[in-house]
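Novice: Take a look at the following structure, please.
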Amino acid sequence: MPLAANPLIEVSTGLMIWTLVCFGITFFVLRRYAFGPVQKLIDERRARIREALEEADNARAEARKLLEEHRQLMSQARGQAEEILNETRQIAETQRVRMREELDADRQRRMEETTKQIQSETARALEQIRGEVAELTVIATEKVTGKVLDDSDQRRLIDEAIGELDFSVLEGKR
């Protein structure tokens, strides 16, 4: 009995040579027409992937740069907003102080005007009282003495009567 019962398992030199020749031709054809273009497609795809990765890295670097610029701008904006807020506070404080000073000055001016008016009215009232006292003195003198005095006597009597009156109490209340 032969060693191999199946003809495919049998070692045959002619079949081996033809198998090697067919394999070589197939390998040559595949290498020439299939492996080259497939390798070219693989190399192109590899190059596109590499370019895409480089672009992604560049985009990431650009994004980081823009983010840093954005952060700087935000920081500057915050600083400027803080400065504006401080300036506004200072302006408000200055205006508040100015308004208070103006109100105080206005109040002081009104107080002075009122004081002047009071003094003026007091002086006018005192003059009116002096005039009435002088008239009453003239009338009383005429009734007591029974005669009419001339202007110089009337003036002397009036001055004496007014001099004896104590107007300092009224004037002291000012």
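Bear in mind these aren't lab numbers, they're just calculated from the coordinates by the rules spelled out. It should be emphasised that the depicted structure is a prediction, and the values quoted were computed from it without experimental measurement. FYI the Cβ positions are ideal-geometry reconstructions off the backbone, even for glycines, and counts take in every protein chain you see.
Novice: Let me check I've understood the local charge: for Thr114, count other residues with C-beta under 11 angstrom from its C-beta, Lys and Arg +1, Asp and Glu -1. What total comes out? Don't jump to the answer; show the numbers that get you there.
Specialist: Values: positive: Arg107, Arg109, Arg110, Lys116; negative: Glu112, Glu113, Glu121.
Neighbour charge sum, excluding Thr114 itself: +1.
Novice: Suppose the chain between Met99 and Ala63 were pulled fully straight at 0.36 nm per residue; how much longer would it get relative to their current alpha carbon spacing? The partial results should precede the final answer.
Specialist: Values: separation 36, 0.36 × 36 = 12.96 nm, distance 5.21 nm.
Additional length available on full extension: 7.7 nm.
Novice: As a check on your grasp of the helix formula, calculate [θ] at 222 nm for the chain: sum -39500 (n - 2.57) over DSSP H runs of n ≥ 4, divide by the residue count, round to the nearest 500. Walk me through the numbers on the way to the answer.
Specialist: Values: 4 runs with 146 residues, N = 174.
Theoretical 222 nm ellipticity from helices: -31000 deg cm²/dmol.
Novice: Continuing with this model, one more query. Work out, step by step, the length gained on full extension between Leu136 and Gln72: first 0.36 nm times the residue separation, then minus their alpha carbon distance; give nm to one decimal. Please list the in-between numbers first.
Specialist: Values: separation 64, 0.36 × 64 = 23.04 nm, distance 9.37 nm.
Contour length minus the Cα-Cα distance gives 13.7 nm.
Novice: Now for a separate question. Mean Kyte-Doolittle of at least 1.0 and a Cα length of 27 Å or more along the axis: which whole DSSP H helices of the chain meet both? List each step's numbers first, then the result.
Specialist: On the way: long enough: 36-145 (158 Å, -1.03).
Helices meeting the criterion: none.
Novice: Something else now. Take Ile17 and Asp106, extend 7 Å from each Cα along the Cα→Cβ direction, and tell me the distance between the two endpoints in nm.
Specialist: Spacing of the two 7 Å Cα→Cβ label points: 12.7 nm.
Novice: Would you mind pulling out the separation of the Cα centroids of segment 1-78 and segment 105-159, in Å?
Specialist: Each part's Cα centre sits 127 Å from the other's.
Novice: Work through the residues other than Leu85 whose Cβ is under 14 Å from its Cβ and net out their charges, Lys, Arg +1 and Asp, Glu -1.
Specialist: Numbers: positive: Arg78, Arg89; negative: Glu82, Glu83, Glu87, Glu93.
In short, -2.
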